[in-house]
Amino acid sequence: MRWLLLGLAGAAVFLYGRITGDAQLSLLTKGIPVIALLLWLREAPAGTYRRWIGIGLVFSLAGDILLDWPGDLFVFGLGAFLLGHLAYLRAYCSDSRQPALAALLLALVAGGAMFAILASSGLGELLIPVACYATAICLMLWRALARIGHPHLQPRSTWLAAGGAALFVLSDSLIGIDRFVASFDAAPYAIILTYWLGQWGITASAFQRSNSA
């Protein structure tokens, strides 16, 4: 609980900095919620799943900093989050390898729609990096959804992971829309809130994950 309170406090200070236009305060506090999740994750049962979720959080933390760092480091931030998605993908695959074709179709529709919207606005040199990122998102979401209904996994864990993955995809989609399609005033807040909730769901899925736990 103390780590979650730390995360909430960091989130509140970050939002205050964003609202007041204090870029330095926002940069210094943006990573606190994810750091809090990393500390909380240490209390989950050890194993492959927890290890890869932790790696995903570390790459996400790097992406957080890179996206807010002075200067345009968007591509580097994109790369960090790409590695984070691949780490989450590895975690989900450690639990389930079932095909889950319905989940695959849903993930392809979500990722394909996001890429089509962004590509229609003209991505230029970012076309291939964004295509690779969209592919990683599709795979990550697919494997998160594929855990639902697995007989050896707790339903709570599977739904938390799936919901967290879906919110992460939504957050990434909002980033792309705001940057490449049409900027909107509420974007920074919608992006960060869906992102934090998504990361919380993914992290929480590591607790009481197995029916045998």
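The values are calculated or read from the model by the stated rules, or taken from the named source; none is laboratory data. Bear in mind that the values here come from a model prediction, so they are computed numbers and not experimental data. Methodologically, a virtual Cβ is constructed for each residue, glycine included, from the backbone with ideal geometry; neighbour enumeration extends over all protein chains shown. Areas reflect the complete protein model, heavy atoms only, side chains present, ligands, DNA and RNA absent. Shrake-Rupley method; radii C 1.70, N 1.55, O 1.52, S 1.80 Å.
Going by what's in this entry, would S120 be described as among the polar types (S, T, N, Q) and within 16 Å of I177 (Cβ to Cβ)?
Working: among the polar types (S, T, N, Q): yes; within 16 Å of I177 (Cβ to Cβ): yes.
Criteria met by S120.
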>> If a residue counts only when it is open to solvent by 40 Å² or more (accessible area, probe 1.4 Å), hydroxyl-bearing (S, T, Y) and without any contact (Cβ under 8 Å) to a residue 60 or more places away in the chain, which helices (runs of 4 or more DSSP H) contained entirely in the stretch 115-213 have at least 1 such residues?
In response: 127-146
> Of the residues V75, V34, which single one is closer than 27 Å to D185 by Cβ and at pLDDT below 90?
Replying inline: V75
> Taking the stated definitions as given, is F76 among the aromatic types (F, W, Y) and either outside any helix (DSSP H, G or I) or touching a Gly at 6+ places or on another chain (Cβ under 6 Å) (or both)?
Replying inline: no
>> Just to check your reading of the model, which residue among R209, R147, R143 is basic (K, R) and in contact with a Cys (Cβ under 9 Å, 6 or more places away or on another chain)?
In response: R143
>> Given the options D72, D22, D68, name the one that is of a type in the set (D, E) and either closer than 22 Å to L167 by Cα or open to solvent by less than 30 Å² (accessible area, probe 1.4 Å) (or both).
In response: D68
> So which residues in the stretch 81-111 are more than 22 Å from G149 (Cβ to Cβ), open to solvent by 10 Å² or more (accessible area, probe 1.4 Å) and among the aliphatic types (A, V, I, L, M)?
Replying inline: L82, L83, L86
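Does L89 meet the test of being part of a helix (DSSP H, G or I) and at pLDDT 90 or above? Spell out how you get there, then give the answer.
Details: part of a helix (DSSP H, G or I): yes; at pLDDT 90 or above: yes.
Here the answer is yes, as L89 does meet what is asked.
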